[in-house]
Amino acid sequence: MKFCLVTLLILGLCVLLSQEEIPQLEPTYTGDYYNGINGNLFGNALKEELSQLIAKNITLTSYNDLWIKFNTTDTEWSSCPEKIHDIYSSKCWTYKTDQCGNYKKEGDCYNREHSWPKSWWGGSSADGNAYVDLHHIYPSDGYVNGLRGNEPFGNVIPGSEYYVSSNGCKLGECLVPGNHTIKCFEVADKLKGDLARTYFYMATRYLDEFTCCVEYGVDDNFIRPWMEEVLREWSLKDVVDSDEIYRNTAVFDIQGNRNPFVDYPAYVIKIRDF
């Protein structure tokens, strides 16, 4: 049932986008990491092959060492050269000096954001791999991160905003199935595709690992259809750029696996159910 619903949602998005708005989903990677993947596969068969690949030969980083790794993965963004880039604010941070710490307002310090919240899988005791997986852990403003908490991603209804950060992230109300609203968090436009592809990675990487939890946005590793529709829209409108490509490769060099949806954006279309 979910397969059919999400397929209809994908078709709906394609109709909503004009011909000029439909992106060219060409590969951004030319290496041999995916040589064992059958390019003719679709749907769950492709997702399962990718899941097996990106779960192999992983080098884990300690939670404390994530601070150090950010100085490699997040200091080459075009908007923050040689500084730590932030996903939830426009602040460019100084390595070590600006680490949280205590904070009282936006701009005080940066911390380690599990973009797929820890409470959605049970935290480090339930899955230590996800707890230190750099593909979904980003530097983020401590104050804004605290406001987001574990709210799902979504499109905030105009006028319902509780808070808007310096780079345009919004905490507010989203409309969900059943015609009711929940609190949600909308990422800045220039990072919506990045976070969408991060979620597609998480749903694929932890396909056979997450056994918790039932949330507004997810059920174990599965993204609920309403949020998947939002993420697919974000992924199409904010295509892969050089900053995202650099970070994917930097994480690969540290951790040993890649995000397939950055390297092959068309996989998002070929897999109709995350």
(message) For region 42-71, which positions are in contact with a helix residue (DSSP H, G or I) (Cβ under 8 Å, 6 or more places away or on another chain) and among the small types (Gly, Ala, Ser)?
(response) Gly43, Ser51, Ala55
(message) If I go through region 190-209 residue by residue, how many of them are touching an Asp or Glu at 6+ places or on another chain (Cβ under 8 Å), modelled with pLDDT of 95 or more and surrounded by fewer than 24 Cβ atoms within 10 Å (Cβ to Cβ)?
(response) 5
(message) If I filter region 125-162 down to residues being among the β-branched types (Val, Ile, Thr) and surrounded by 20 or more Cβ atoms within 10 Å (Cβ to Cβ), which single residue comes out as nearest to Ile84 (Cα to Cα)?
(response) Ile137
(request) Spot the failing condition for Lys69; the list is (1) under 30 Å from Phe210 (Cβ atoms); (2) surrounded by fewer than 17 Cβ atoms within 10 Å (Cβ to Cβ); (3) not acidic (Asp, Glu), and only one is missed. (result) (2)
(request) Residues being buried (at least 17 other Cβ atoms within 10 Å of the Cβ) and of a type in the set (Ser, Thr, Tyr): count how many of those fall in region 91-124. (result) 4
(message) So in region 169-189, with the set limited to residues that are surrounded by fewer than 16 Cβ atoms within 10 Å (Cβ to Cβ) and not charged (D, E, K, R), which one is modelled with the lowest pLDDT?
(response) Asn179
(request) Give the residue that is nearest to Val268 (Cα to Cα), with candidates limited to residues of region 43-64 that are part of a loop (DSSP other than H, G, I, E, B) and either basic (Lys, Arg) or open to solvent by less than 60 Å² (accessible area, probe 1.4 Å) (or both). (result) Ala55
(message) If a residue must be more than 19 Å from the chain's Cα centre (by Cα), of a type in the set (A, V, I, L, M, F, W, C) and either part of a loop (DSSP other than H, G, I, E, B) or within 24 Å of Gly256 (Cβ to Cβ) (or both), how many such residues does region 73-127 contain?
(response) 4
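Which count do you get for residues in region 211-250 that are assigned to a loop (DSSP other than H, G, I, E, B), closer than 30 Å to Gly31 by Cα and open to solvent by 10 Å² or more (accessible area, probe 1.4 Å)?
Total meeting the criteria: 4.
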(request) Being open to solvent by 30 Å² or more (accessible area, probe 1.4 Å) and not aliphatic (A, V, I, L, M) is the filter; apply it to region 251-267 and report the residue that is farthest from Gly193 (Cα to Cα). (result) Asp253
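The values are calculated or read from the model by the stated rules, or taken from the named source; none is laboratory data. All values derive from a computational prediction rather than experimental measurement. Here Cβ is always computed from backbone atoms with ideal geometry, including for glycine, and neighbour counts include all displayed protein chains. These accessible areas exclude ligands, DNA and RNA; they are computed on the full protein's heavy atoms, side chains included. Shrake-Rupley method; radii C 1.70, N 1.55, O 1.52, S 1.80 Å.
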